[in-house]
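Peer 1: The structure is given below, and queries will be raised subsequently.
The values are calculated or read from the model by the stated rules, or taken from the named source; none is laboratory data. Keep in mind it's a predicted model, so treat the numbers as computed, not measured. So basically every Cβ, Gly included, is an ideal-geometry build from the backbone, and we count neighbours across all protein chains shown. What goes into the accessible areas is simple: the full protein's heavy atoms, side chains included, and nothing from ligands, DNA or RNA. Shrake-Rupley method; radii C 1.70, N 1.55, O 1.52, S 1.80 Å.
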Amino acid sequence: MDEVTISRAITESYVKELLDYMDVDVAIAGAGPSGLTAGYCLAKNKVKVAIFERKLSVGGGMWGGGMMFNKIVVQAEAKGILDELGISSRQYQKGYYVADAVETAATLCSRAMKAGVKIFNLLSVEDVMIRENGRITGLVLNWSAVSLANLHVDPLAIRAKAVIDATGHDADVCRVVARKSGAKLEVLGEKSMWAEVGEMEIVENTKEVCPGLLVAGMAANAVHGSPRMGAIFGGMLLSGKKAAELAMTMVMRGEA
Ligand code: 48F
């Protein structure tokens, strides 16, 4: 294959997929543990789902475990998700398991993609589309390189029946909606570390925060003013699973 054919193969394949995913059932911002779990659960149920990740690598804050000791803790309630994905873990004490952070991130990504999730990396969600009824109808995207280089380049948009903000501590999508849309959405900001409460509240905080927009993972705690947790990840996985269930209901209702 000559160089131009290689270039053509890459460009054609990418653009074909991007065009196909300009209309999706569910669009997820952020490929951390909550976004990947949500994507996996949706794709497993044949929902057309794309994840847009601003960084080169997916997995968010999982790779480094806690303070670069690359292990994560997962509580018994979420162990079933690790087992389903084939991620090994060992019991540390009753109700708590330890897994390898790299294995978890890599397997979660691989299983999500094998289930049918399409991941677009190097793309940042910088805004949403909103309609007169206040409904979020899609995401506004730009190359991460554009914002890094501070270039004045307009974004492009994709349509979705449901959007999930899984952007982690920053809650980027919710913040832009709170700032720009006039929706009654306030981002309270996360509180200091308190693992037990943070883990307890994260699933409850995983909900539709304005029509068409769900929030999952650490973004859910950031929006609702709940604490951060450190390297315990059960809540992230369970939150992703709940976000997928809620999104599926929205897709089935045919909301757009
Ligand atoms: O931060 P992240 O891992 O979020 P999460 O799924 O999990 C949180 C845990 O990693 C950890 C924790 C455990 O107790 O608290 O922090 O809630 O992943 C968020 C992903 O979203 C990407 C970001 O690069 C990361 O990979 N992201 C953030 N903002 C944007 C974005 C954006 N505007 N557009 C696209 N991706």
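Peer 1: Summing -39500 (n - 2.57) over the DSSP H runs of n ≥ 4 in the chain and dividing by its residue number, what mean residue ellipticity at 222 nm do you reach, to the nearest 500 deg cm²/dmol?
Peer 2: That calculation yields -13000 deg cm²/dmol at 222 nm.
Peer 1: Please list the non-local residues whose amide H lies under 5 Å from the amide H of Gly225, H modeled 1.01 Å from N, same-chain partners needing a gap of 5 or more.
Peer 2: Here the answer is Leu188, Gly189, since their amide H atoms fall under 5 Å of that of Gly225.
Peer 1: If the only charges are +1 at each Lys and Arg Cβ and -1 at each Asp and Glu Cβ, what is the size of the charge dipole of segment 112-218 around the Cα centre, to the nearest 20 debye?
Peer 2: On the way: 12 positive and 14 negative charges, 101 e Å.
About 480 debye.
Peer 1: If the elastic network links every pair of Cα atoms under 10 Å, which of His169, His152, His224 fluctuates the most in the Gaussian network model of the chain?
Peer 2: Looking only at His169, His152, His224, the largest GNM fluctuation is found for His152.
Peer 1: Just in segment 1-54: which trypsin sites (Lys or Arg not before Pro) are loop by DSSP and have at most 15 other Cβ atoms within 10 Å? All intermediate terms of the calculation are to be shown ahead of the outcome.
Peer 2: Numbers: sites: Arg8, Lys16, Lys44, Lys46, Lys48, Arg54; in loops: Lys46, Lys48, Arg54.
Answer by residue number: Lys46.
Peer 1: Name the shape class, rounded, prolate or oblate, that the alpha-carbon gyration tensor gives for segment 1-78, where a ≥ b ≥ c are the square roots of its eigenvalues, rounded holds for a/c under 1.5, and otherwise prolate holds if a/b is larger than b/c and oblate otherwise.
Peer 2: Oblate.
Peer 1: Also, I was wondering about something else. Distance in nm between label sites at Arg228 and Lys191, each 7 Å beyond Cα in the beta-carbon direction?
Peer 2: 1.5 nm
Peer 1: Between Met200 and Ile6, how many nm apart are label points set 7 Å from Cα along the C-beta direction?
Peer 2: Each label point is offset 7 Å from its Cα along the Cβ direction, giving 5.7 nm.
Peer 1: I've got another one for you. Is segment 109-256 rounded, prolate or oblate when judged by the Cα gyration tensor, a ≥ b ≥ c being the square roots of its eigenvalues, rounded requiring a/c under 1.5 and prolate requiring a/b larger than b/c?
Peer 2: rounded
Peer 1: Work out from phi, with θ = phi - 60° and the Karplus expression 6.51 cos²θ - 1.76 cosθ + 1.60, the ³J(HN,Hα) of each residue of segment 137-145, listed in order in whole Hz, and give x for Gly and Pro.
Peer 2: 10, x, 10, 10, 10, 9, 4, 4, 4
Peer 1: Further, regarding this structure: Name the shape class, rounded, prolate or oblate, that the alpha-carbon gyration tensor gives for the chain, where a ≥ b ≥ c are the square roots of its eigenvalues, rounded holds for a/c under 1.5, and otherwise prolate holds if a/b is larger than b/c and oblate otherwise.
Peer 2: oblate
Peer 1: I've got another one for you. Please build a GNM for the chain, connecting alpha carbons under 10 Å apart, and tell me which residue among Cys41, Cys210, Cys109 fluctuates the most.
Peer 2: Cys210
Peer 1: With contacts defined as alpha carbon pairs under 8 Å and 6 or more residues apart, what's the relative contact order of segment 3-252 in percent?
Peer 2: The value is 24 percent.
Peer 1: Amide H to amide H under 5 Å from Ile130: which residues, 5+ apart in sequence or cross-chain, H placed 1.01 Å off N in plane?
Peer 2: Residues meeting the amide H criterion: Thr137.
Peer 1: Students often get this wrong, so check it: of Lys191/Lys241; Lys94/Lys114; Lys48/Lys94; Lys44/Lys79, which have C-alpha atoms separated by over 27 Å? It would help to have the intermediate numbers written out before the result.
Peer 2: Values: Lys191/Lys241 23 Å; Lys94/Lys114 32 Å; Lys48/Lys94 38 Å; Lys44/Lys79 18 Å.
In this structure, Lys94/Lys114; Lys48/Lys94 lie more than 27 Å apart at Cα.
Peer 1: Got a sec? Charge dipole of the chain, +1 on Cβ for Lys and Arg, -1 for Asp and Glu; which of Gly198, His152, Leu18 is way out at the positive end?
Peer 2: The listed residue farthest towards the positive side: Gly198.
Peer 1: Can you compute 3J(HN,Hα) from phi for each residue in segment 165-178, using the Karplus curve 6.51 cos²θ - 1.76 cosθ + 1.60 with θ = phi - 60°, rounded to whole Hz and x for Gly and Pro?
Peer 2: Residue by residue, segment 165-178 yields 8, 10, 8, x, 3, 6, 6, 3, 5, 4, 5, 5, 5, 4 Hz.
Peer 1: Let me ask you something else. State in Å² the accessible area per residue of the chain; use a 1.4 Å probe, count heavy atoms of protein chains only, and round to the nearest integer. Mind showing how you got there, number by number?
Peer 2: Numbers: 12770 Å² over 256 residues.
Ligands and nucleic acids excluded, the figure is 50 Å² per residue.
Peer 1: In sequence order, what are the phi-derived ³J(HN,Hα) couplings for segment 97-113 according to the Karplus relation 6.51 cos²θ - 1.76 cosθ + 1.60 with θ = phi - 60°, rounded to whole Hz, with x for glycine and proline?
Peer 2: 3J(HN,Hα) across segment 97-113, in whole Hz: 10, 10, 10, 6, 5, 5, 4, 5, 5, 5, 5, 4, 5, 5, 5, 4, 5.
Peer 1: Next up: Place a +1 charge on the Cβ of each Lys and Arg in segment 3-252 and a -1 charge on the Cβ of each Asp and Glu, then give the dipole magnitude about the Cα centre in debye, rounded to the nearest 20.
Peer 2: Roughly 260 debye, rounded to the nearest 20.
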